[in-house]
Amino acid sequence: MNTASSTPSNALTLAGRALIALLFIPAGLSKIGNFAGVAGYIASKGVPLPELCAALAIAAEVGLGLLILLGWQTRWAALGLAVFTVVITFIFHNFWAVPAEMVMAQQQAFFKNIAVVGGLLAMSGWGAGGWSVDARRAGAL
């Protein structure tokens, strides 16, 4: 892993981490304030143990999102969020099983999430970059 790469590369990697974190952290925080509603929505999709699943979603979005933002254990955090995103995408954006008037919106959300998974997998493969806790701990800075 070359974490001591160029300044533009490190700046772009940091920006990418921040933008990915911006997708997950606020979503997780908003679930805290509407925990009962989130659990109810999860239950409406037939998911067992909806309160536990809501708590796991909050932990994944906020916890792993913060790890990515900081660049700490980034490869594992990104991989965890990729798995989380794949699972929730197939449950909550199943465009093949919704009424015709909802197909386009659900299909767009589905493929947007799959694209986010692609970014997370790339982050998991390449790491956090030089401007990160991971790089500092590796002595790259």
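The values are calculated or read from the model by the stated rules, or taken from the named source; none is laboratory data. For clarity, every value in this text was computed on a predicted model and none was experimentally measured. When we count neighbours, we look across all protein chains shown, and the Cβ atoms used for this are built from the backbone with ideal geometry, even at glycine. Surface accessibility is based on the protein's heavy atoms, side chains included, excluding ligands, DNA and RNA. Shrake-Rupley method; radii C 1.70, N 1.55, O 1.52, S 1.80 Å.
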Does the stretch 38-119 come out rounded, prolate or oblate, given a ≥ b ≥ c as the square roots of the eigenvalues of its C-alpha gyration tensor, rounded meaning a/c under 1.5 and, failing that, prolate meaning a/b above b/c?
oblate
Return one whole number: the accessible area per residue of the chain in Å², for a 1.4 Å probe.
56
What's the angle, to the nearest 10 degrees (0 to 90), between helix 35-44's Cα axis and the longest principal axis of the chain?
60
So what does the Cα-only Debye profile of the stretch 9-86 read at q = 0.12, 0.21 Å⁻¹, as log10 I(q)/I(0), no solvent term?
-0.36, -0.88
Between the Cα axis of helix 74-92 and the main Cα principal axis of the chain, the angle (0 to 90°, nearest 10) is 20
Taking Glu51, Glu101 and ranking on accessible area (1.4 Å, protein atoms only), highest first, one gets Glu101, Glu51
To the nearest 10 degrees, the tilt of helix 7-33 (Cα long axis) against the first principal axis of the alpha carbons of the chain is 30
Where only C-alpha atoms are counted, convex hull volume of the stretch 5-141 per residue in Å³
104
Which value, in debye to the nearest 20, describes the size of the charge dipole of the chain about its Cα centre when Lys and Arg Cβ atoms bear +1, Asp and Glu Cβ atoms bear -1, and nothing else is charged?
260
For the stretch 10-141, which whole-number percentage of the solvent-accessible area (1.4 Å probe, protein heavy atoms only) is attributable to carbon and sulfur atoms?
74
